[in-house]
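None of the figures in this text is laboratory data; all of them are computed from the coordinates on show. None of these values were measured; they are calculated from a predicted model. Every residue, glycine as well, gets a Cβ built from its backbone with ideal geometry; the counts of neighbours run over all protein chains shown.
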Amino acid sequence: MWKSSRVTKMQLGNEVRELMAEFLNFEPSSMPFPEEEEAPTSLMINWVDEELLREQLTDSLPITNLMTWLRGNYQHLPDAELLRLYHELVRDPQWQSTLRANSSTTALNTVAVTYHPHEIVMLIGSTNAKDVDNAN
């Protein structure tokens with residue numbers, strides 16, 4: 001068996017020596033983790049009168065696509081607020097919400113949303129409060 005007896009020498013420049021000295025003397029600084037701040041509820045923005053929105057929605061029933069109805073009637077609202085309303089309204093027990101089979105894309109203010117639209121109709125056997133007043 002034959003061994004190589006060649007020795008390789010390496011010379012470091014001053015920049016590398018300075019960096020190594022900095023690394024050897026490095027002391028991490030500790031920063032306290034910020035506490036989670038509670039957002040005051042008074043600063044919450046009410047973008048829309050939800051009671052009025054529900055009345056308008058009830059008057060417009062049946063609606064074949066809730067997202068396009070919201071976009072057409074409340075286009076001034078931010079996208080996040082429109083999406084929040086959409087999700088709350090499809091779960092509202094005062095009407096029947098049916099998921100349609102075909103997907104649809106609706107352009108909001110800053111994003112386009114692709115989704116399966118919900119059709120909103122009056123519950124069977126339910127009466128609109130305005131119709132009850134008119135009947136009296």
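Below is a table of values for the structure above.
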| quantity | calculated |
| --- | --- |
| Theoretical FRET efficiency, 1/(1+(r/R0)^6), r = Cβ-Cβ of Tyr74 and Thr114, R0 22 Å, to 0.05 | 0.65 |
| Length added when fully stretched, Ile124-Phe26, from 0.36 nm per residue minus Cα-Cα | 28.0 nm |
| Estimated FRET transfer efficiency (Ser60, Ala101; beta-carbon r; R0 25 Å; 0.05) | 0.65 |
